[in-house]
1. Of all residues being not in a helix (DSSP H, G or I) and not aromatic (Phe, Trp, Tyr) in region 319-340, which is surrounded by the fewest Cβ atoms within 10 Å (Cβ to Cβ)? Just the residue, please.
2. With the condition kept exactly as written, say whether any residue in region 273-282 is open to solvent by 30 Å² or more (accessible area, probe 1.4 Å) and closer than 15 Å to Asp9 by Cβ.
3. Those residues that are outside any loop (DSSP other than H, G, I, E, B), buried (at least 17 other Cβ atoms within 10 Å of the Cβ) and of a type outside the set (D, E, K, R), I need them from region 140-165; list them, please.
4. Tell me, yes or no, whether region 221-230 has at least one residue that is closer than 16 Å to Val164 by Cα, modelled with pLDDT of 95 or more and of a type in the set (S, T, N, Q).
5. Being in contact with a strand residue (DSSP E or B) (Cβ under 6 Å, 6 or more places away or on another chain) and within 23 Å of Leu269 (Cβ to Cβ) is the filter here, so list the residues in region 314-356 that pass it.
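The values are calculated or read from the model by the stated rules, or taken from the named source; none is laboratory data. Please read these numbers as outputs of a predicted model, since none were measured by experiment. Cβ placement follows ideal geometry from the backbone for every residue including glycine, while neighbour counts extend to all protein chains displayed. Only protein heavy atoms, including side chains, enter the accessible area calculation; ligands, DNA and RNA are left aside. Shrake-Rupley method; radii C 1.70, N 1.55, O 1.52, S 1.80 Å.
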Amino acid sequence: MAAVIPVFDGHNDFLLRLFLNAGDRAAIWDGSRGGGHLDLPRMKTGGFAGGFFAIFLPPAAETGNAADFDRMMANPPYDLPLPPALDLAAAQPMALAMAGHLMWMERASGGAFRVCRSAAEVQAAMAEGVIAGIMHMEGAEAIGTDLDALHVWHAAGLRSIGPVWSRPTAFGHGVPFRYPSSPDTGPGLTEAGKALVRECDALGIMIDLSHLNEKGFDDVARISGKPLVATHSNAHAVTPSARNLTDRQLDAIRDSGGMVGLNFAAAFLRPDGRRDPDVGWDPVLRHLDHLVARLGEDHVGLGSDFDGAVVPAPIGDVTGLPALLGAMRAHGYDEALIAKIAHRNWLALLGRSWGA
């Protein structure tokens with residue numbers, strides 16, 4: 001049996017799961033509760049070596065929406081209504097609670113999980129067999145337009161941020177859940193959003209493009225001097241969802257020395273756009289083939305969206321990562337390319353984005 005190849009993951013929503021089930025977090029983390037895609041024992045089994053842990057703030061009325069999403073996204077075309085903007089006063093306490101869960105995970109792991117704040121710390125944790133966690137924000141609602149809070153969050157360990165999820169923020173506009181659709185769905189960054197990008201560049205906080213619309217993407221590309229990164233996105237040429245990246249966007253990411261992490265969400269993988277896990281390896285490999293062909297072998301990774309998406313049945317949860325790497329091998333990817341996609345490209349990107 002081949003050794004388990006470590007996987008560094010561009011995106012997960014495990015902190016949201018803890019936030020929504022805070023009283024049960026110990027049982028979720030140690031795996032005794034079951035369910036979901038991630039917990040500490042299954043991470044170890046699946047070779048999950050680290051990744052970006054998202055602070056994602058759910059809509060104020062986050063009840064019953066999963067069933068509505070399943071129903072509407074099962075029958076394309078669709079254009080799901082977005083929840084209203086979330087104000088700063090509501091956002092900051094939730095974000096702080098999720099950051100607290102991330103810090104608690106380190107304390108409760110018995111040394112098996114570590115919050116990392118630099119590329120060197122990530123490398124060191126992985127070399128020791130410790131899971132490396134990076135604090136990420138999926139939507140900047142917890143940061144005011146004066147950007148004072150950005151400096152507080154950076155001091156706490158924030159190293160990656162998406163200016164938007166899908167609802168609008170003071171900083172810009174995200175793409176809706178729309179299929180079929182191009183990502184050109186509205187205006188770009190606000191003046192506050194442009195200032196956010198400049199301040200993140202100065203602080204060493206990576207900008208995540210995965211939910212930005214096309215005009216916002218172009219604004220970041222013009223303003224930022226850092227590699228362009230989409231932590232959990234796929235190829236629009238294979239699945240024409242608003243959430244996926246056009247070839248022009250992929251070319252811009254490649255030319256900047258950036259990265260794309262393959263999103264496992266079935267709706268963004270399946271050519272028919274359906275949110276249905278009953279799908280095999282073919283769409284996964286078609287997206288990977290397109291990303292590798294367009295970006296080059298050094299600019300593609302994984303961005304699972306675990307605990308935030310419906311994923312293909314052959315993956316199932318984090319323990320399915322070795323099967324995914326096995327599917328790449330059977331598809332003809334050699335060991336060097338598999339290792340790059342699994343973790344080496346992300347580690348190199350962190351060095352280019354943050355410095356050593």
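1. Looking only at region 319-340, we keep the residues that are not in a helix (DSSP H, G or I), and these are 331-334.
Then drop every residue that is not not aromatic (Phe, Trp, Tyr), which leaves 331-332, 334.
Working: His331: 14, Gly332: 9, Asp334: 11.
Within region 319-340, the match that is surrounded by the fewest Cβ atoms within 10 Å (Cβ to Cβ) is Gly332.
2. If we filter region 273-282 for residues that are open to solvent by 30 Å² or more (accessible area, probe 1.4 Å), which is where we start, we get 274-278, 280-282.
Retained after the next criterion (residues that are closer than 15 Å to Asp9 by Cβ): none.
No, that holds for no residue.
3. The answer is Ala149, Leu150, Trp153, His154, Leu158, Ser160, Ile161, Gly162.
4. No.
5. Val318, Leu321, Ile341, Ala342, His343, Asn345, Trp346, Leu349 - these are the residues of region 314-356 that are in contact with a strand residue (DSSP E or B) (Cβ under 6 Å, 6 or more places away or on another chain) and within 23 Å of Leu269 (Cβ to Cβ).
Residue by residue, here is whether (1) assigned to a strand (DSSP E or B); (2) charged (D, E, K, R); (3) more than 18 Å from the chain's Cα centre (by Cα) holds:
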{"site": "Lys215", "(1), (2), (3)": "no, yes, yes"}
{"site": "Arg222", "(1), (2), (3)": "no, yes, yes"}
{"site": "Ser233", "(1), (2), (3)": "no, no, no"}
{"site": "Pro240", "(1), (2), (3)": "no, no, yes"}
{"site": "Gln249", "(1), (2), (3)": "no, no, no"}
{"site": "Gly257", "(1), (2), (3)": "no, no, yes"}
{"site": "Gly273", "(1), (2), (3)": "no, no, yes"}
{"site": "Arg286", "(1), (2), (3)": "no, yes, yes"}
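Yes or no, residue by residue, for (1) among the charged types (D, E, K, R); (2) out of contact with any Lys or Arg (no Cβ under 6 Å at 6 or more places or on another chain); (3) within 25 Å of Leu57 (Cα to Cα):
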{"position": "Pro83", "(1), (2), (3)": "no, no, yes"}
{"position": "Leu86", "(1), (2), (3)": "no, yes, yes"}
{"position": "Ala99", "(1), (2), (3)": "no, yes, yes"}
{"position": "Glu121", "(1), (2), (3)": "yes, yes, no"}
{"position": "Ile131", "(1), (2), (3)": "no, yes, yes"}
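This table checks each residue for (1) over 20 Å from the mean Cα position of the chain (by Cα); (2) buried (at least 21 other Cβ atoms within 10 Å of the Cβ); (3) farther than 23 Å from Ala74 by Cα; (4) free of Cβ contacts under 8 Å to residues at least 40 places away in the same chain.
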site	(1), (2), (3), (4)
Phe306	no, yes, no, no
Pro312	no, yes, no, no
Ile315	no, yes, no, no
His343	no, yes, yes, no
Ala348	no, no, yes, no
